[in-house]
1. State which residue is nearest to Arg39 (Cα to Cα) when the search covers only segment 128-146 and only residues that are assigned to a loop (DSSP other than H, G, I, E, B) and of a type outside the set (Ser, Thr, Tyr).
2. Would you please list the contacts, defined by Cβ atoms under 7 Å and residues six or more apart or on different chains, that run from a residue in segment 69-80 that is part of a strand (DSSP E or B) to a residue that is aromatic (Phe, Trp, Tyr)?
3. Where residues in segment 167-182 are part of a loop (DSSP other than H, G, I, E, B) and without any contact (Cβ under 8 Å) to a residue 12 or more places away in the chain, which of them is nearest to Gly78 (Cα to Cα)?
4. Checking Lys239 against (1) touching a helix residue (DSSP H, G or I) at 6+ places or on another chain (Cβ under 8 Å); (2) touching a residue at least 12 places away in the same chain (Cβ under 8 Å), which single condition isn't satisfied?
5. List every residue pair whose Cβ atoms sit under 7 Å apart, with the two residues 6 or more apart in sequence or on different chains, where the first one lies in segment 188-208 and is farther than 10 Å from Cys98 by Cβ and the second, anywhere, is among the basic types (Lys, Arg).
6. Tell me which of these Ser125 doesn't satisfy, since it passes every other one: (1) of a type in the set (Gly, Ala, Ser); (2) free of Cβ contacts under 8 Å to residues at least 12 places away in the same chain; (3) part of a helix (DSSP H, G or I).
7. Across segment 147-166, what is the number of residues that are in contact (Cβ under 8 Å) with a residue 60 or more places away in the chain and part of a loop (DSSP other than H, G, I, E, B)?
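Derivation of every value follows stated rules applied to the coordinates shown; laboratory data play no part. As the structure is a prediction and not an experimental result, all values here were calculated from the model. Here the Cβ positions follow ideal geometry from the backbone for every residue, glycine too, while neighbour counts run over all protein chains shown.
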Amino acid sequence: MHTLTGVADDFVMLARAATRRGFRIVVMLRRGHLGRPLRTPRFNLLGCVDDLRVHLDGIQAEFPNAPLFGYGESAGTGLAVRYSGESGKKNRFAAVACVCPGYDTTEGGAFSRFEPLLDKHLLLSVKNMFLRANERLLMSASGLTPSYVECMAAPDMAELQRRLFGIEGYPSLEAYHSATNPMGPVEGIAAPLLVINSDDDPICAPSNVDDNLHAFDVTAPRALVRTPVGTHCCFYEGKTITPRSSWAHDACLDFFVAVCDEPRYERRRRPKGKRVSKRPRRKPMGVDNNAVELKKPAPTLVGAGGNERIKAGDIKPVARSVRFSVDAEPKRRNRGRGSGHSPSMPKDGMDRR
């Protein structure tokens, strides 16, 4: 699930990394992100849970036995969290990973804490993608309050969000926040959850994390990873001019594989009446003091969607562990998008093929 103005091409790097591990990839594009005008005068900056359920229905119809894993970046994490919280134990995602979430999107929350220059850039991008691209449709729609002209006059992202509730299909700003704020149903998330934030993020400010640490003080399987560098949704690695890999992508994929290999999850998704050879029990993901440790077993064909079919026999079994510090300053850095850096793995960390 993509960012505020994201498109499918934003996930090329993740898709390549996931495909190598045996996943199928589906990018769930929200209304207004398809590269063509809207058919109806309605969109939602954070996405619509009902629309997501339609996506998931289609995926499961095509791949009924494939486990699903939810991955979201920036604004896309809001939809992943909102859906997972509302669904509770009926969540169709076996696990969820969120990279650079903004947490609370109500008054004084994430939309009010963007760096000023980036706020102006996002404001222009959002107006171009959603408003100007659909000017004729939105101008001709009756009963929109606030109107198209009022939305176009918004001076910053926080004010634009306040004025979009009518176009997004809600009778008031309060109703909009009640239906879309990710932190509303967050306590209802039962699926394993991994959240990654960077303390130099100019979009999703560190104060967002500080104000919502209570979401991790629960008995549900959740892990928060904070890195000193990584900027917004980058976490790039390597010394090449063009980034070829993201540490966050690898960590999330390791997390999904570890969840899929859990014995209790294997029993839950095992077809009835079919004998499956027992796998040796492996230590699940755990947290100890200043580090998070993920056990990565043999890659399993998981995920759903996409056009390319991958056979499990084409994947060589590999078992290795991944360990990274969340407090220590990384030894190697590489500039990513914007002015941020990317945390790197220790020498005995991520094994790459």
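1. Going residue by residue through segment 128-146, those that are assigned to a loop (DSSP other than H, G, I, E, B) are 141-146.
Next, from what is left, pick out any that are of a type outside the set (Ser, Thr, Tyr): 141, 143-144, 146.
Details: Ala141: 12, Gly143: 17, Leu144: 16, Pro146: 20 Å.
In this case the residue turns out to be Ala141.
2. Cβ pairs passing all conditions: Phe69/Phe93; Phe69/Phe256; Gly70/Phe93.
3. Step one: filter segment 167-182 for residues part of a loop (DSSP other than H, G, I, E, B), giving 167-172, 181-182.
Cutting the leftovers down to without any contact (Cβ under 8 Å) to a residue 12 or more places away in the chain gives us 170-172.
On the way: Tyr170: 18, Pro171: 21, Ser172: 20 Å.
Taking the candidates together, the pick is Tyr170.
4. The failed condition is (1).
5. Taking only residues 6 or more apart or on different chains, the pairs are Ala190/Lys89; Asp199/Arg226; Ala205/Arg113; Ser207/Arg113; Asn208/Arg113.
6. Result: Ser125 fails condition (2) only.
7. If we filter segment 147-166 for residues that are in contact (Cβ under 8 Å) with a residue 60 or more places away in the chain, which is where we start, we get 161, 164.
Checking which are part of a loop (DSSP other than H, G, I, E, B) leaves us with 164.
Within segment 147-166, residues that are in contact (Cβ under 8 Å) with a residue 60 or more places away in the chain and part of a loop (DSSP other than H, G, I, E, B) number 1.
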